[in-house]
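**Student:** I'd like to ask some things about the structure below.
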């Protein structure tokens, strides 16, 4: 007997099938015929539902049932053909159609289906005819190493490979070059690069490999890759001692042709005068980026002969970036007059104090001979500044506020190393010349004032300046902090470093009057008393300054860390990031309570996203860390966990 649960689990076709079985057993022909028609309609509908859901297993089971119910109808055979086509079993589908055409009178239906399957099969034979070239291009951009395999998949791809746009742009991250390390030199092992995908039509190549640069250049030259427009080469290495310097690379690269305008090289070693040697071989370069990771590994080279290594006449170079480790000034001597179209000059220099005067002379040459120069970065700790310039919303002029037609030529980004000693009049003349175009000015350098020239000069104005860093003393033309909001009305980020507020009567309250300021960093500055900080914090609160990031480090002295200062700090509700460092003895439990209570009452505890309360010397106590975590529930709190092993 059928239980209630089993009856409820039955589907409609199950119920119809059971009724049909009973009608046949009772020899009720009319009822059985009606049930057959009804069941076939239900099964066809359920089969369509399974096909739409891509449930081919269920569709096949129901089609077999339909064939048992209506064996004299061509519908089950046609449904089998459709399912087989969807599964890719084209031969089985054709076999079913041929059998259906021989058994049923509806031969035209099966012949049309046979013709359709044959046409579909001929098109499907080559995947290139099934997918648009744009989709194929997108797929192989994500998996460039699979392009060699694709030649075996599609005959059409194999025949028209050189014509496809995907072969004009190639990225190779894995090859057999790791075996090169076991043999020592390319002459000892014959491991060809992926030659099948290197064709004369190749225009853009990115290759990361263990092969030395000259071997890569020879491989490209042997395959006629002389139409290259950009080359990004990275030489891998397991250690600085496994990399063999390649002194012939700068000369051999000229075999790549006259179309190469964008070159990026990342190698483990440094070569003397490498920039001038590369420009001598490729005078058509527009962009040159060179990285070297281990400065102590230098290639053995002969001295540079100017006649052989420098081209005659102006070059087309616009973007020059020299990163890595310790670029000596001598690598750029005499280069500035040859690159009059230079737009961006970024260098990570040698921090040796003996190179200070030479470094300033080099930067002065580029300022003098490159009228189109917009970005000048000469900084050892360069990466944070590159991140600022590359991030969205960085120091870039907004076209809706300043139309491009109104932007006069001039330096937009000036970042100088703190080791430079610059005459104040030289810096003043430069800033006066470019005050209308400067967007980012990092001038944390020691400005030398010659004897007898300490006089007041006309105030400068920087209408486009958004990022400003000042160190040691204020430069001429912006002699007081109170003048900064008026001369830099669009300032968004300000850093003050090595300033002595104890020696000046200047009011710090104007620092809170910037309508766009979102980042304020005060590093290694001296304060006479806590009133200076209290005045600054209260000014930020009163002016509703949109400050998002505040950094005070280091903050030394008991007289600077007071309850009133920390209470005011906790009431700056706009903050998302707060970094402050104090001496352990300067911070008491009462100070911390004042800050936590103020932050809880103002709502800062719920909105702050990053907190570093012990950036330098502060050794966090376990109880204090617990209080910070329980108060700032949504913030990431930076702590030195090694100092928490011995909590007090």
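**Student:** Within region 366-387, can you find the residues that are modelled with pLDDT under 85, within 19 Å of residue 349 (Cα to Cα) and in a helix (DSSP H, G or I)?
**Tutor:** If the condition is that a residue be modelled with pLDDT under 85, within 19 Å of residue 349 (Cα to Cα) and in a helix (DSSP H, G or I), then 367, 383, 384, 385, 386, 387 are the ones that fit.
**Student:** Which residue out of 72, 19, 34 is over 60 Å from the mean Cα position of the chain (by Cα), outside any helix (DSSP H, G or I) and at pLDDT below 80? Quick ask: steps written out before the conclusion?
**Tutor:** Values: 19 fails: outside any helix (DSSP H, G or I); 34 fails: outside any helix (DSSP H, G or I).
Within the list 72, 19, 34, the selection yields 72.
**Student:** Of everything in region 34-50, what is farther than 13 Å from residue 20 by Cα and buried (at least 16 other Cβ atoms within 10 Å of the Cβ)? Give them in sequence order.
**Tutor:** 42, 43, 44, 46, 47, 50
**Student:** How many residues does region 182-227 hold that are exposed (fewer than 13 other Cβ atoms within 10 Å of the Cβ) and at pLDDT below 80?
**Tutor:** Looking only at that region, the number is 9.
**Student:** Can you tell me which residues in region 433-445 are at pLDDT 75 or above and either part of a strand (DSSP E or B) or farther than 16 Å from residue 373 by Cβ (or both)?
**Tutor:** 440, 441, 442, listed by residue number.
**Student:** In addition: Being out of contact with any helix residue (DSSP H, G or I) (no Cβ under 6 Å at 6 or more places or on another chain) and without any contact (Cβ under 8 Å) to a residue 40 or more places away in the chain is the filter here; which residues of region 345-356 pass it?
**Tutor:** 347, 348, 350, 352, 354, listed by residue number.
**Student:** Does residue 256 satisfy the criteria of being buried (at least 20 other Cβ atoms within 10 Å of the Cβ), under 30 Å from residue 342 (Cβ atoms) and at pLDDT 85 or above?
**Tutor:** Criteria met by residue 256.
**Student:** In region 329-356, what residues are touching a strand residue (DSSP E or B) at 6+ places or on another chain (Cβ under 8 Å) and not in a loop (DSSP other than H, G, I, E, B)?
**Tutor:** 329, 331, 332, 344, 345, 346, 347, 348, 349, 355, 356, listed by residue number.
**Student:** Would you check which residues across region 592-620 are surrounded by fewer than 18 Cβ atoms within 10 Å (Cβ to Cβ) and at pLDDT below 75 and list them?
**Tutor:** 615, 616, 617, 619
**Student:** Related question: Look at region 274-284 and say how many of its residues are closer than 16 Å to residue 346 by Cα and part of a loop (DSSP other than H, G, I, E, B).
**Tutor:** 0
**Student:** Among the residues of region 357-378, how many are in contact with a strand residue (DSSP E or B) (Cβ under 9 Å, 6 or more places away or on another chain) and surrounded by 15 or more Cβ atoms within 10 Å (Cβ to Cβ)? Outline the logic, then answer.
**Tutor:** Of all residues in region 357-378, those in contact with a strand residue (DSSP E or B) (Cβ under 9 Å, 6 or more places away or on another chain) come to 357, 359-360, 362-363, 366-367, 370, 373-378.
Checking which are surrounded by 15 or more Cβ atoms within 10 Å (Cβ to Cβ) leaves us with 359-360, 362-363, 366-367, 370, 373-378.
Residues that pass the stated criteria total 13.
The values are calculated or read from the model by the stated rules, or taken from the named source; none is laboratory data. Since this is a predicted model, take the numbers as computed values, not measurements. Here the Cβ is made from the backbone with ideal geometry for all residues, glycine too, and neighbour counts use every protein chain on show.
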